[in-house]
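The values are calculated or read from the model by the stated rules, or taken from the named source; none is laboratory data. Model, not experiment: these values are computed from the prediction. Cβ placement follows ideal geometry from the backbone for every residue including glycine, while neighbour counts extend to all protein chains displayed.
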């Protein structure tokens, strides 16, 4: 026994010896001193200490064998007690507890885990940088259950709250943003979706650049407040500074105007406007009104500031509605004036110094020309034997036919000729005069038939055809 030193150094207490009471008394005193020592009773495990101590306690309650220290009866004895607690417990291995009641902290080192489940299904630990609750290898779900569940920051700001039979709510900076309701969700603030948002049983869509309805029936964009408008806005010089279309509560559509006064009211903001459905009529207002192609900007029709209609491609008349026919299309109408002169050739040549203003009307490819009082015609410088020609506002067609009349005086006629008429030959750019009479051969009037300085053409009318 540690702490006990044998007093019988002379080995008087031995077999075959007469034992003196003093020797025994000294040994007993040494044993008593060892038992009463403040160092306790111990056995150093050597044979000199005697047999190993296997049982301790007043009723041999604590037992020891080669692999375990254990109580005499299962579930009966405590390790420490109230007011006499052990300080630290060091265990290298597994602690098996039927139950545990902890009145202080349980501390785990980095990467030391609190493990739950027969198959280590749930683990709680800290790796030195982050904390984890892992349920990765187990069967079933990780369930966090409470009547009112609140997830908070260390500073007690709410991240999320969950109420049994009530709302699930998400927070940003301790401010409520999304909350579930009996009919859906309530959102406080802006919904910023990086992709499309689908809604309804047919998955209608709202995406970054479109709204797409997918119901099997009609789709609606509504405003349920009485008397209010729906406005469509774009960003021109600044964000949302341009209202491009307005749907009024009266059912009017305004483009470029925020208070439309007709079923369709279009206004460019510079004095031009179009009204459709105003008093059962169509009105437009502006300096000019132009209809043109969106593809190539070709102009189809223009109504100018004076009310004149200008239609470059012409007007088709006398066909069924919506039917175009080139033969029924009037594509040209002109009225104008030009200078009438006489020449000694069908092109080029010498011109008379006498002239007068002529007037023409062109309808399609038919031209009617007239002039009056080409008097005292001067032929100086012209070749007398050449045919006499007069100018035209337009060249004739390849099948140019003409009809007309002329009244003149002091014009020389061949024998038997009694009348003179104007004519235009095919593809000609100038006309001619032809004299004729009963039983005489027609003749083209020559320059020399003019009495220079005396012959007059009082009136002239001609109709011919252009290309």
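Can you give me the number of residues within the range 302-318 that are in contact (Cβ under 8 Å) with a residue 12 or more places away in the chain and surrounded by 10 or more Cβ atoms within 10 Å (Cβ to Cβ)? Lay out the reasoning, then the answer.
Of the range 302-318, the ones in contact (Cβ under 8 Å) with a residue 12 or more places away in the chain are 302-305, 312-317.
From what's left, surrounded by 10 or more Cβ atoms within 10 Å (Cβ to Cβ): 302-304, 312-316.
Of the residues in that region, 8 qualify.
Considering the range 51-133, the qualifying strands (runs of 3 or more DSSP E), each wholly inside and each with 3 or more residues that are at pLDDT 90 or above, run over 122-126.
Scanning the range 73-132 for residues that are surrounded by 10 or more Cβ atoms within 10 Å (Cβ to Cβ), within 29 Å of residue 63 (Cβ to Cβ) and out of contact with any strand residue (DSSP E or B) (no Cβ under 7 Å at 6 or more places or on another chain) turns up just one, 80. Taking first residues from the range 440-453 that are free of Cβ contacts under 8 Å to residues at least 40 places away in the same chain and partners that are assigned to a loop (DSSP other than H, G, I, E, B), the Cβ contacts under 8 Å between residues at least 6 apart in sequence or on separate chains come to 440/414; 440/415; 440/416; 440/417; 443/414; 443/417.
Within the range 281-301, the set of residues being under 35 Å from the mean Cα position of the chain (by Cα) and exposed (fewer than 10 other Cβ atoms within 10 Å of the Cβ) comprises 293, 294, 295, 296, 297. Within the span defined as the range 342-357, every residue fails to be at pLDDT below 95, under 16 Å from residue 462 (Cα atoms), in the same structural domain as residue 429 (by TED's automatic domain parsing) and touching a strand residue (DSSP E or B) at 6+ places or on another chain (Cβ under 8 Å). Each residue in the range 265-323 was checked for being outside any strand (DSSP E or B) and closer than 26 Å to residue 333 by Cα, and 23 of them qualify. Under the condition of being surrounded by fewer than 10 Cβ atoms within 10 Å (Cβ to Cβ) and closer than 28 Å to residue 92 by Cβ, which residue from the range 25-44 is modelled with the lowest pLDDT? Top of the filtered list is 40.
Tallying residues that are touching a helix residue (DSSP H, G or I) at 6+ places or on another chain (Cβ under 9 Å) and not in a strand (DSSP E or B) within the range 378-407 yields 7.
The residues of the range 160-192 that are part of a loop (DSSP other than H, G, I, E, B) and on the phi < 0 side of the Ramachandran plot, listed by number, are 164, 166, 167, 181, 182, 183, 188, 190, 191, 192.
Given the criterion farther than 21 Å from residue 409 by Cβ, outside the structural domain of residue 426 (by TED's automatic domain parsing) and surrounded by fewer than 16 Cβ atoms within 10 Å (Cβ to Cβ), identify the matching residue among 385, 321.
Only one candidate qualifies: 321.
The residue list 276, 244, 258, 253 contains one member that is in contact with a strand residue (DSSP E or B) (Cβ under 8 Å, 6 or more places away or on another chain), on the phi < 0 side of the Ramachandran plot and either in the same structural domain as residue 365 (by TED's automatic domain parsing) or at pLDDT below 85 (or both), which is 276.
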